[in-house]
Amino acid sequence: MTSSFTELPVDSGDPDNPIGWPEYRQTHAAAAERTGETESVVVGEARIDDVPAVVIAWEFGFLGGSLGQRTGDRIEAAFSHARERKLPVVSLIATGGSRMQHGMRALSQLQRIARASAAARAEGVAQISVLRDPTTGGGWATLGAGSDVVLGLPFAQVGFAGSRVRPATSPSEAYTAEAKFEWGQVDRLVEQDELAEVLARWLRLLSSPTAEPAPPPTALREVSLPETGWEAIQAARASSRPRAAEYLDAYFDWRENVQGDRAGNVDSGVLCGFGWRDGRTIAYAAQCGTATRPAGFRTAARMVRTASRLGIPVLTLVDTPGAANDADAEQAGVGPAIAELFEAMATATVPVTTLVIGEGGSGGALAFAAPEATWMAPDAYFSVTSPEAAAAILKRPLRDVPEVTERLRVRPQDLVDLGLARGIVRP
């Protein structure tokens, strides 16, 4: 997978035995003889398709890839090297969890690993994890689940509880990379023979910061500006209008998606990820024309925060009739989720550019919009609320919706005149 690998000079010393576990030294020696390694992880600097990175690779055959004192030493050294060299970190995980024979000394390594990871994160070091079989316990709950991008090998066992300690009644399929992908905790499933190529693409994306803002996409079709507000609504709602995926494919040379809110949910109506355009990386969060659910807002917020930390500009595409307002959305916290995205956008330390490509429905759309850097497509609108909702609030019949729409000033040119949009893009 790597074109070169240089192991870091970490002194393993004699195998430690902090709580005096009987016969631990013999067990350690047998694992070393069996695997040819002196610990459960190997760390070093590698080049993956000529992209440099720090690699933390687990050897599951060494005491089940368990985390002990020496393991913590090596992982801490790897992150320190990554910070010094400003290199991304790739964690190839295969572990059963903390080393039981080290007692609480082993468990405390999770705090140590978290500190090392957080310190690197604060300095803009990108992190990618690859979930191999198995990824359980602290390996999953630190570097596995906590990386910027999480890739999973098909059929890998993934979960906080290992197979010997989880409830007997729990379905085994819940502890798989596939389940974690479905629940928005893994960004992509990758076949083993594709891993090197996918890693290289991600490393290139996450290692290309730039201070330049993303230019707004051009319109994908030639249409006249609407003469009335109701015409603007109808143009934005037309089935023939280009959607987010078409805009993203036309805008980027290639791109990689991320998946879900990391809390068990995915909104298929929001596309987030990083794309390559004209030799640089741009992050994106795009609405796909549906009512945006809490997971969509949280995934977009995660995307904006990650891009800010890595120094990568952001492009957002607005297209929603509004935030989801059913009972399930309320229970899932749609209000707090919108607030989370508003905060991420307000505190972004990188330029954010927005293009409204269709419907701009109320606060659910505005949360995706960049203040002072929003552009309009000619077949789009932006409104304080939907025309139908406005008529209902005013206790007007449905036949008056077009008239009410005119009062709302929702046309692209209206938004420019009001100073809420910078301009209207053209093909």
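As a length-normalised measure over Cα pairs under 8 Å and 6 or more apart, the relative contact order of the chain settles at 11 percent.
For region 309-427, the spread of Cα coordinates along the three principal axes comes to 51, 40, 21 Å, biggest extent given first. All C-alpha pair distances within region 1-95, sorted into 5 Å bins from zero, spread as 3, 14, 23, 24, 17, 10, 6, 3, 1, 0 percent across the bins. As an equivalent ellipsoid, region 229-417 spans semi-axes of 28, 19, 14 angstrom, where each value is the square root of five times an eigenvalue of the C-alpha gyration tensor, largest first. Give me the Debye-computed log₁₀ of I(q)/I(0) at q = 0.10, 0.11, 0.21 Å⁻¹ for region 37-145, equal point scatterers on Cα only, no solvent, two decimals. Those come out to -0.24, -0.29, -1.07, one per q. Under 13 Å from the Cβ of residue 140, count the other residues' Cβ atoms, weight Lys and Arg +1, Asp and Glu -1, and hand me the total. Its environment carries a net charge of +3. Max-minus-min Cα coordinates of region 105-144 on each principal axis give 30, 25, 9 Å, with the largest extent listed first. Assuming charge only on the beta carbon of Lys and Arg (+1) and of Asp and Glu (-1), the dipole of the chain about its Cα centre is about 680 debye to the nearest 20.
Under a Cβ-Cβ cut-off of 14 Å, what is the net charge of the residues other than residue 281 that fall near it, where Lys and Arg count +1 and Asp and Glu count -1? Summing Lys and Arg as +1 and Asp and Glu as -1 gives +1. Our Cα-only numbers for region 4-206 put the radius of gyration and Dmax at 16.3, 48 Å.
Under conditions of 4 °C and 1.567 mPa s, region 292-341 yields 112 µm² s⁻¹ as its translational diffusion coefficient, taking Rh as the Kirkwood radius over Cα pairs in the Stokes-Einstein equation.
List the relative contact order of region 229-417 as a percent without decimals, with contacts defined as Cα pairs under 8 Å and 6+ residues apart.
21
The helix-based estimate of mean residue ellipticity at 222 nm for the chain, built from -39,500 (n - 2.57) per DSSP H run of four or more residues and divided by its residue count, is -10000 deg cm²/dmol to the nearest 500.
Rule-based calculations on the coordinates, nothing more; no lab input. Quick caveat: nothing in here was measured; it's all calculated off a predicted structure. Here the Cβ is made from the backbone with ideal geometry for all residues, glycine too, and neighbour counts use every protein chain on show.
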